[in-house]
Every structure is written in C-alpha cells, then in structure tokens.
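Contents: one structure, followed by commentary.
The values are calculated or read from the model by the stated rules, or taken from the named source; none is laboratory data. If you're wondering where the values come from, they're calculated on a predicted model, not measured in any experiment. Neighbour counts are summed over all protein chains in view; Cβ atoms, including those assigned to glycine, are modelled from backbone coordinates with ideal geometry. For accessibility, only protein heavy atoms count, side chains too; no ligands or nucleic acids. Shrake-Rupley method; radii C 1.70, N 1.55, O 1.52, S 1.80 Å.
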Protein chains: 2
Amino acid sequence: MTLDKRVFKFKVEVVLKNGVLDPQGEAIKQSINFNNLGNVLEVKQGKLFELTVSSKDIKHAFQEVNEICSDLLANSVIEDFKYYEVSE
Amino acid sequence: MTLDKRVFKFKVEVVLKNGVLDPQGEAIKQSINFNNLGNVLEVKQGKLFELTVSSKDIKHAFQEVNEICSDLLANSVIEDFKYYEVSE
C-alpha cells in the first residue's frame, strides 16, 4: 500500500442550460430593479461547489471530479457544469 | 439624455464564511463517499450568479455589482462574496 496521495482543490460551477426557465434568477432581477440597485438586464442563478479531493495524481483527480459532477452535482437534463482546479 | 450605456457581464460567487456550519456540503460529501465516486475530504456549497448589467462605464458597473452583492445576494453575517467581470 502506498501513501502517496495528494490533495487537490476544485471549483465546480453548475448553471441552467440556455433556454431553461430560471424563475429564481428572474425574481432576483426584479428585486434589484425594484430596489434601484442598478440596471440589470439578466440574472442567472447557479450553484457553486468547492471540492477538496485526495487522489494519487491530477489526472485521476480530474476524472473523479468529472464523475462526481455528472453523477451527483448536476442534472444533465437541464444543467451544464464546468470545473477547474484552484490553488489556495 | 445620452444613450451611451454599455453592457457588462459579471460572475458573483457567494460562499459561507470559514467556520460556518455547512450541512448541505457535509451531506454531499457523505453521498460522494457512500457512492464510491471519489475520496473527497471536504465539500463546500455556495451560490453562483451571472449578472448582465447595463451601465455607462466599467467603474460604475463594478460599483453597482458591489452594492447588489452586499445588499441583496449575500448575507454578510455568514457569507463572503466576490465578483469579477467575464467576457462572453
């Protein structure tokens, strides 16, 4: 057994696909304009995840994160996801 | 009246401050490990917003987005936010 696992940190962004109704974003937009906080044309709300993954190398870490996104974090029917490594 | 308003696009990330309990992130972590999707040490869930702002210049757009974040999108007691311009 080897103990040479390394720790990687990823950010995952999950957003609704174009054309999918986003009532929450629409409500936020109306609220911004109603409160005169600015002239906002569009608001889209999505989800953000910060994952700290322990894996043997960066390639395997990316594979794991991709699987986590497609199987658990995003609903592929209505949502797109993207992920990237962050330092910190 | 001038019509020289320009359109800017921003991404806003709202995350819980360090030390604030994140039961949703904890549940996702357990679900990932339970389903053998990877060896994940920590999950933090946050919110993501894409704002399309119409403003006279980038400086005013940044001011507006800052105000929107602190007044509406983030709860400053438990959440931190950051924002940046995106192209697209």
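Things worth noting here:
- Each residue in the stretch B:34-55 was checked for being of a type in the set (A, V, I, L, M, F, W, C) and closer than 30 Å to A:K5 by Cβ, and 6 of them qualify.
- Every residue from the stretch A:16-38 that is of a type outside the set (D, E, K, R) and more than 24 Å from A:L73 (Cα to Cα): A:Q30, A:S31, A:I32, A:N33, A:F34, A:N35, A:N36, A:L37, A:G38
- Hey, B:K82 of a type in the set (D, E, K, R) and surrounded by 12 or more Cβ atoms within 10 Å (Cβ to Cβ) or not: no
- Checked against the criteria, A:E64 counts as open to solvent by less than 50 Å² (accessible area, probe 1.4 Å) and more than 14 Å from B:E50 (Cα to Cα).
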